[in-house]
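Below is one structure, written out as structure tokens; comments come after it.
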Amino acid sequence: MIVRGARALLLVAFLLGVFPDVISSSTASNPAILHQQWTAQWIACPGSPRREFGVYYFRKDFSLSSRPQHFVIHASADNRYQLFVNGARVAVGPARGDLFHWRYETVDVSSHLQTGSNVIAAIVWNFAELAPMAQMSHETGLIVQGDTTRESAVNTNASWKVMESHAVQMIPINRKTVPFYMVVGPGIRVDASQVPWGWQDAGFVDTSWKPAEVLVEGGPRGVQDSHSPWMLVPRNIPMMEQTLQRLASVRRSQGVEISNSFLQGRSPVKIPAHTTATMLFDQSFETTAYPELIVSGGKGSLITLTYAEALWKGREKGNRNDIEGKKMLGMEDQFLPDGASQRMFRTLWWRTYRYVQLAVTTGDEPLTLDDFRGTFTAYPFTVRAAFDSGDPTLEKMWVVGWRTARLCAHTTYMDCPYYERLQYGGDTRIQILISLYMTGDDRLAKNAIELLNESRIPEGITQSRYPSHLPQFIPPFSLFWIGMMHDLWWYHGDSAFLQQYLPGMRDVLGWFERRMSPSGLLGRLEWWNFVDWTHQFNAGVPPEERDGQSSILTLQFVAALQNAADLESSYGNKSFAEQDRALAAKIARAVYDRCWDPVRGLLADTPARKDFSQHANILGILTNAIPDQDQKQVMQKVLADSALTQCSYYFRFYLFRAIKQVGMGDDYLSLLGPWRRMLDLGLTTWAEQPEPVRSDCHAWSAHPNFDFLNTVAGVEPAAPGFRKVLIQPYLGTLNRLAATVPVPQGSVVVKYTRHNNQLAADITLPQGLTGWLVWGGQKLELHPGEQHLQASRQ
């Protein structure tokens, strides 16, 4: 079914070989932008419904006596926009937020300007009821504000021109072919004959366009008595990467001969009139990209693009490299050529795929496929870490893990790029650690902490995911919000940023404390108390007594109290720290007293001692609810007893924390069997859970990248912010390893060679960083610069 939006728009057109500019946001040079009412106004298309589907073109011609050295503008829109200057795309946004914190982008567009006539243009769309779950919205609108009077000619007001598009329609997700929870927005159908091609270029004739309708003056959050529903705040992350990405191969075709050279842009494919043809292309790995299809001729044709992570046989995927006997099922876009030459179809928003299928039906004219490619997009992380073990499987895991993490990081972290694109607290905590260890870039981490703080409700807890126009609450994920703040403090040391969130942290803890039962465990908690996707947990919720008592949920609260105590102490809040530590110790003791089974030597999931899981015992170790002297024996049982409820890929992150805590880190590499099996199945990103699985790309499963550096290479802080470093490698069966880990002071570089019980270590620390190498019962001091050390296992 196709939803016919009032009148939609195009897909953008650039000539063959021209790609979007990749730019960086800059800080405002004019402080008034942050504190005073803007002179620009929010504008819309007159006579068009503003809370229904629509796609709109906006333009403003202006003249310059000379090309300026700087020309800074600020822009935003609802739902989304792409901004052009003299035909060049200069911004895509806004970054995700909510109406109380609506992001705007700041860009210096001077390099795209010229003496004389210039044009600034934007395409704005509102997907209304089919908008992504992560999209907050009030109504369709656009705002552009010059930084100073020098740039005021581009301020949005009634002098801008606007045209409502009739070219685009929405294609809802087909629940018969995609029967899973999928909330990433619709596909689109574009009729090229309705597109005003060249609309974003200087010289385009817009005399038939309407003057824009003014909605309200724009202004920053906090300005006095603003009438604007969009409380503007500056974007705090860079623009997303956009890089040419060619498809790898043609896997099958029917109705037309096609070679791999077509995918290199060298061999156009001609499809005769009155022909039906289908082509299946393979990227060879999963990606997130804007597909770009360039065609000539073919008036009366219909081209359908379908995107999938893998092909399907029934409700299973099998080996992701195999296509025989399998079907293409997934999100769709459609393009109707108008017969002209070199028309580009480019989606308004990016798609996720490994496989792309083109299904073409031509009319009375032949159609030429000139080129088909993608523009990769994701958060612009730069990898600074390295891991070289000499083990080809581990090297492949390193690549697959980082790809998974990257595809789940855009203007927010997200659980998965194909199905949801939502920033969940439990997932995000792991994603932050991966990005810090792989890149040292903390901007998306800070953005996540800020957004989840903005989701808090008056009762105290955060929402489970945010932004999201449908509120959802998973109380344990509020505890992970505290955990991610602790992680940022411990691994990056940004105290000034975190201090503002301490009151919210106390509110979260208070919500849980008010729900304590007389037994000393948490009582019944509202909402969805998800812990892990495992068959023994109903909808991910662990066993509970009738009054809600659960050792697992309670110990997650204990862990958050311990994290909070560390943070409070670091800011000199002694009384809060002591209170949190005392409460944590009291609750941990209650869990042990009521849930420890002396016969099995394990913590039970509830005081009834009927259900047992890896989860309860992992948390008992990590919180020290289980006495130190028993922890290693408990951990050995956790690994050996298959009757316990087992951790999924996600919760194995905490399993691995526990094996390291009890000194069993050398077992880590032997526990990567689930990831080896995913490789055997041809996965190029890590899946959400074991087969059969919905999502093939889930960042919560990418934590081996963190552990390759933190556990195997053994590089971790010995003081907040890596003011000291502790290097304690757990090489398992490896005899050599080289790794690099970014830290706030620079990079820690390690190189190990092991022979029998001897370890040779070459270690380089950045200036000002000292610490220790621990191996085989020895603890050797480290100093800044290069050093060679020898250690023996005693």
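Of the residues making up segment 664-681, those that are outside any helix (DSSP H, G or I), open to solvent by 10 Å² or more (accessible area, probe 1.4 Å), touching a residue at least 40 places away in the same chain (Cβ under 8 Å) and over 18 Å from E286 (Cα atoms) number 0.
Please work out if S208 is outside any loop (DSSP other than H, G, I, E, B) and open to solvent by 60 Å² or more (accessible area, probe 1.4 Å). No; evaluated as a whole, the condition is false for this residue.
No other residue among W528, W533 is in contact (Cβ under 8 Å) with a residue 60 or more places away in the chain, in the same structural domain as F576 (by the TED database) and within 15 Å of I461 (Cα to Cα) apart from W528. Cβ separations smaller than 8 Å between residues 6+ apart or across chains give the following pairs from segment 729-745 residues that are at positive phi to residues that are open to solvent by 20 Å² or more (accessible area, probe 1.4 Å): G732/D666; G732/D667; G732/S670.
Within segment 649-682, which residues are under 15 Å from Q728 (Cβ atoms) and either in contact with a Cys (Cβ under 9 Å, 6 or more places away or on another chain) or of a type in the set (V, I, T) (or both)? Write out each step before concluding.
Quick first cut of segment 649-682, residues under 15 Å from Q728 (Cβ atoms) only: 656-657, 659-668.
Within segment 649-682, I659, V662 qualify.
R429 satisfies every condition listed in (1) touching a Pro at 6+ places or on another chain (Cβ under 8 Å); (2) over 28 Å from Q283 (Cα atoms); (3) of a type in the set (K, R) except (1).
For F387, indicate whether it is within 30 Å of T753 (Cβ to Cβ), in a strand (DSSP E or B) and not assigned by the TED database to the domain that holds V741.
Working: within 30 Å of T753 (Cβ to Cβ): yes; in a strand (DSSP E or B): yes; not assigned by the TED database to the domain that holds V741: yes.
Yes.
Within segment 378-416, restricting attention to residues that are more than 8 Å from the chain's Cα centre (by Cα) and of a type in the set (K, R), the residue that is surrounded by the most Cβ atoms within 10 Å (Cβ to Cβ) is R403.
Only residues that are touching a strand residue (DSSP E or B) at 6+ places or on another chain (Cβ under 9 Å) and farther than 17 Å from A687 by Cα were counted across segment 424-436, and they come to 4. Listed by position, the strands (runs of 3 or more DSSP E) enclosed by segment 685-783 that each have at least 3 residues that are surrounded by fewer than 22 Cβ atoms within 10 Å (Cβ to Cβ) are 736-743, 746-755, 758-765, 770-775, 778-782.
A quick yes/no check of all residues on (1) open to solvent by 10 Å² or more (accessible area, probe 1.4 Å); (2) free of Cβ contacts under 8 Å to residues at least 24 places away in the same chain; (3) more than 28 Å from E129 (Cα to Cα); (4) in a helix (DSSP H, G or I):
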residue: I432; (1), (2), (3), (4): no, no, yes, yes
residue: Y437; (1), (2), (3), (4): no, no, yes, yes
residue: S468; (1), (2), (3), (4): no, no, no, no
residue: I482; (1), (2), (3), (4): no, no, yes, yes
residue: H486; (1), (2), (3), (4): yes, no, yes, yes
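When you go through R221, R246, R189, R175 one by one, which is the residue that is assigned by the TED database to the domain that holds L263 and of a type in the set (D, E, K, R)? Let's see the steps before the verdict.
Working: R221 fails: assigned by the TED database to the domain that holds L263; R189 fails: assigned by the TED database to the domain that holds L263; R175 fails: assigned by the TED database to the domain that holds L263.
Going through R221, R246, R189, R175 in turn, the sole match is R246.
Of all the criteria given as (1) open to solvent by less than 10 Å² (accessible area, probe 1.4 Å); (2) touching a strand residue (DSSP E or B) at 6+ places or on another chain (Cβ under 7 Å), the one not satisfied by A445 is (2). Of all residues being open to solvent by less than 50 Å² (accessible area, probe 1.4 Å) and in a strand (DSSP E or B) in segment 517-549, which is nearest to Y650 (Cα to Cα)? Just the residue, please. For segment 517-549, the residue satisfying everything is V541. Just one of (1) assigned to a loop (DSSP other than H, G, I, E, B); (2) surrounded by fewer than 19 Cβ atoms within 10 Å (Cβ to Cβ) fails for I461. It is (2).
Surrounded by 24 or more Cβ atoms within 10 Å (Cβ to Cβ) and assigned to a helix (DSSP H, G or I): which single residue out of L583, L498, L561 fits that description? Don't jump to the end; show me each part of the working.
Values: L583 fails: surrounded by 24 or more Cβ atoms within 10 Å (Cβ to Cβ); L498 fails: surrounded by 24 or more Cβ atoms within 10 Å (Cβ to Cβ).
Of the residues listed, the single one that is surrounded by 24 or more Cβ atoms within 10 Å (Cβ to Cβ) and assigned to a helix (DSSP H, G or I) is L561.
Listed by position, the strands (runs of 3 or more DSSP E) enclosed by segment 60-163 that each have at least 2 residues that are in contact with a Pro (Cβ under 9 Å, 6 or more places away or on another chain) are 72-78, 80-85, 88-93, 102-108. Look through segment 304-322, keep the residues that are in a strand (DSSP E or B) and of a type outside the set (V, I, T), and return whichever of them is most open to solvent (accessible area, probe 1.4 Å). Looking at the filtered set, the residue picked out is K313. Taken over segment 324-377, the criterion of being buried (at least 18 other Cβ atoms within 10 Å of the Cβ), within 30 Å of R694 (Cα to Cα) and among the basic types (K, R) is satisfied by K326, R346, R351, R354, R373.
On inspection, Q790 fails the criterion of being within 25 Å of W490 (Cβ to Cβ), modelled with pLDDT of 95 or more and surrounded by fewer than 21 Cβ atoms within 10 Å (Cβ to Cβ).
The values are calculated or read from the model by the stated rules, or taken from the named source; none is laboratory data. Since the structure is predicted, the reported quantities are computational estimates derived from the model, not experimental observations. Neighbour counts are summed over all protein chains in view; Cβ atoms, including those assigned to glycine, are modelled from backbone coordinates with ideal geometry. Quick note on the areas: whole protein, heavy atoms, side chains included, nothing else; ligands and nucleic acids left out. Shrake-Rupley method; radii C 1.70, N 1.55, O 1.52, S 1.80 Å.
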